[in-house]
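Single-structure report; data block below.
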Amino acid sequence: MNTRREFLQHSGALVVSFALFGRAAAQEAGRAGSGGTLPGSLAKAPWLDAWIRIDADNRVTVFTGKCELGQGIKTALMQVAAEELDVELARVTIVTADTAKTPNEGFTAGSNSMKDSGTALRNAAAQAREILLERAASRLDAQVAALTVQDGTVATRDGRRVTYGELMEGQQLHVEVRPVARFKDPKAYRIVAKSIARVDIPAKVAGDMAYIHDLRLPGMLHARVARPPGYGAVLESVDAAAVEAIARGVTVVRDGNFLAVVAPREWTAVKALRRLRSAARWREDARLPDIARLPAALLAMPAQDVVVEECRDKVAVAKTLEATYTGHYQAHASIGPSCAVAQLKDGMLTVWSHTQGVYPDREAIAEMLAMPEARVRVVHMEGAGCYGHNGADDAAADAALIASRLSGTPVRVQWMREDENRWEPFGSAMVAKVRGGLDASGRIVSWDYAVWSCTHSTRPGGAGALLAAQHKSKGFKPETPKARRSADGMGDRNAVPLYAFPSLRVVHHFLPDMPLRVSALRALGAYLNVFALEGFMDELAQAAGADPVEFRLEHLEDPRARAVVQLAAKRFGWANPQPTPGRGRGFGFARYKNSAAYCAVAAEVAIDPHRGRIRLVRAVAAVDSGQVVNPDGLRNQIEGGIMQSASWTLHEKVAFDRSRIRSHDWSTYPILRFDGVPESLDVHIVDRPGDPYLGSGEAAQGPAAAAIGNAVANASGRRLRDLPLDFGSAD
């Protein structure tokens, strides 16, 4: 089955849709086709049967183009659909991110899953319930208002009943959805806003097949790729015969600079890889910048300047401060290395991958292999969490390229740790310069901010984004990134403060050159930008002689922003400090992308006076993400974001010399260990029933980094402005 339509036809499923009639309907349909009015991802897939299927046995299947990355999105989306359909959660199953079955929702990124897919499913489910009730009213000869629904069964007051499955038996509709749905009253919710246990956890705990790494197909071969030693290295020669002699069935695959080995057993493939590396001769190219002068190197690069926001007013400045904040290249550092399985069978290539975008990855793989996209299917399977563009797409391309040479045979590729650390796309290094002016009363009246950054996304969409395609003899070149304005921003994400300043200018100095391979890392530019903005807010508060929290509140007009700041400060006990030698407290706030969730973090750190080691002791966060679907899931996202941010902020930094990445393992790229876990981590939720969903997966990274940085300054009296924080880099 090559298409979703064929899948539905062969499944015997009964699919619910809606028709609009008349002139108004035609106008709405036209707008729906242009993506102008339908909410969430409905604009990309404006047909109800793309989202919901109801079977004759009264089972419900929901479809989403978003991927489960460990953020609990499968559970949350099932809750949304079950709630609006009035069925029990146990009756619902979900199909995620499969180019043969699900809508094309692009990438699972930017904290947009609930905003896009959740909104689409909520609308689709509400409209499905409405038409089912109308059908039931007709069949039962009753008024819709007199009907009740319980677990997919519609009943009259006198006890007559009909199930959703019975109402849909023998019918299949395919028409556009309406742009407006009639939702349930949040006061009647039974499933949404409840901490439902995640459906993806049991298999992981039990050791069942949960990850792409667990997938085994009959007759599957194992492959390993011998990456070049560094960027720009050229393969001059390889003794393939010496490698293939290691064991029966071992085969070397070469295409230009792409070099791999295939074997019947995984351990044999690993041993063959070691011999292959010794048998290969590479010519290297010293092209990387001097790591000791990285900020200066970024500032010296040619830049495309974009004025992100500017509003000038005549102001009287009594005191001016300036500062420079910098951030190093950082890795996704997935605990499990990238992995993929591919099989070319009967002219159809199927790839199982933990990519965050099955449709863009399909496009890139099809281009690499010169295959029609319709002959390539990409199926998402979970992998080690990374939140961003790590090596998953590249592993998928590796498997696809090798499988294309071995028709009919499934091929599994798993990266080695050293390849994951050296060849995944990193989060971009950045430099931010900020100047602020205070008036005589201590209020901020002028703000000038400039950020230098390479691109924050080279995600697939073309073959040039894939290592395998780049390394082929007829290689594809990566697209040259260009400066562009977007609502969410990239390197300039969260560069515009949410605070009210009468005079403000924000400039993004976009750097087209990419000395290191970079792409999306969780929060993109918001991590460094919020660290810089919130760190400088503390510096200005100190210059004004003001309490950091009160200083923020004086410059915040958004009532929801004020609410999370006040809640985090209250639950932390900010108003009643208890000074302890070697310890300090700090605060950080941002609304992610200035359009998603609001998050405030208060942190306490301890500093070892002998080694200068910084430890996060405790953190308290407050978050406003609109309508909460799964409170425990939301807390998990904020807790995980704070922990990941603590690891970035205190430890993570890619090491390299002029020719190679040197961060090849966990000793050369250290991450947060168990002895760095805080003593307490509390997350408090501001729920807003009925409000739109706001993305929360990346809301905590910037505020947490700022809170830690400000706490370090409070504890030590020294302001560290370079990430990761290191007293060797202090002013």
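A simple rule links phi to the HN-Hα coupling: the Karplus curve 6.51 cos²θ - 1.76 cosθ + 1.60 with θ = phi - 60°, which for region 398-409 gives 4, 4, 5, 5, 5, 4, 5, 8, 10, 3, x, 9 Hz, with x for Gly and Pro.
Around Ala245, with a cut-off of 11 angstrom between Cβ atoms, what is the net charge of the other residues, counting Lys and Arg +1 and Asp and Glu -1?
Numbers: positive: Arg248, Arg275; negative: Asp239, Glu244.
Within the 11 Å Cβ shell, the charges total 0.
Per DSSP H run of at least 4 residues, take -39500 (n - 2.57); add these up for the chain, divide by its residues and hand me the 222 nm value, nearest 500 deg cm²/dmol. Can you show the working numbers first?
Numbers: 18 runs with 206 residues, N = 731.
Result for the chain: -8500 deg cm²/dmol, rounded to the nearest 500.
When the alpha carbon gyration tensor of the chain is reduced to an equivalent ellipsoid, the three semi-axes, largest first, read 42, 38, 22 Å.
Can you put Glu367, Glu169 in order of Cβ neighbours within 10 angstrom, beginning with the fewest? All intermediate terms of the calculation are to be shown ahead of the outcome.
Numbers: Glu367 20, Glu169 12.
Starting with the residue having the fewest Cβ neighbours, the order is Glu169, Glu367.
Can you put Thr668, Thr64, Thr458 in order, fewest other beta carbons within 10 Å first? The partial results should precede the final answer.
Numbers: Thr668 14, Thr64 29, Thr458 21.
Result, fewest neighbours first: Thr668, Thr458, Thr64.
Distance from a point 7 Å along Cα→Cβ of Leu321 to each backbone N in region 524-565: keep the residues under 11 Å and list them by number. Only 534-548 pass the distance filter. Rounded to the nearest 5, the antiparallel percentage of DSSP beta bridges internal to the chain is 75%.
Backbone phi angles across region 590-598, fed through the Karplus curve with coefficients 6.51, -1.76 and 1.60 (θ = phi - 60°), yield HN-Hα couplings of 6, 9, 4, 6, 6, 9, 9, 5, 8 Hz in residue order; Gly and Pro are listed as x. The base-10 log of I(q)/I(0) for region 437-533, evaluated at q = 0.12, 0.18 Å⁻¹, reads -0.49, -0.86 [Debye formula, identical scatterers on Cα atoms, solvent excluded]. If you plug the beta carbon distance of Ala247 and Ile671 into 1/(1 + (r/R0)^6) with R0 = 45 Å, you get a FRET efficiency near 0.80. Length gained on full extension, Arg274 to Ser473, computed as 0.36 nm times the residue gap minus the Cα-Cα distance: 69.3 nm. Using Cβ contacts closer than 10 Å as the measure, can you line up Thr148, Thr163, Thr649, Thr119 from fewest to most? Ordered by Cβ neighbours within 10 Å, fewest first: Thr148, Thr163, Thr119, Thr649.
When only Cα pairs under 8 Å and 6 or more residues apart are kept, what is the percent relative contact order across the chain? After rounding, I find 14 percent. Its residue count N fixes a reference of 2.2 N^0.38 Å for region 256-297, and the Cα radius of gyration divided by that reference is 1.84.
Which residues in region 453-474 have a backbone N closer than 12 Å to a point placed 7 Å from the Cα of Ala370 along the Cα-to-Cβ line? Residues 474 qualify, since their backbone N sits under 12 Å from the label point. Pairs of alpha carbons in region 175-238 separated by more than 14 Å make up 80% of all such pairs. Based on every Cα atom in region 540-687, Rg and the maximum pairwise Cα distance Dmax equal 17.4, 53 Å.
FRET efficiency for the pair Glu130 and His174, taken as 1/(1 + (r/R0)^6) with r the Cβ-Cβ distance and R0 = 30 Å, rounds to 0.95.
Legend: calculated FRET efficiency, Asp151 to Leu215, from the Cβ-Cβ distance at R0 = 30 Å, rounded to 0.05, equals 0.30.
For the cross-link pairs Lys433/Lys477; Lys433/Lys653; Lys115/Lys187; Lys115/Lys184; Lys271/Lys477; Lys314/Lys593, the ones whose C-alpha atoms lie over 23 Å apart are Lys433/Lys477; Lys271/Lys477; Lys314/Lys593.
All of the numbers you see were taken from the coordinates with simple rules; none came from a lab. None of these values were measured; they are calculated from a predicted model. When we count neighbours, we look across all protein chains shown, and the Cβ atoms used for this are built from the backbone with ideal geometry, even at glycine.
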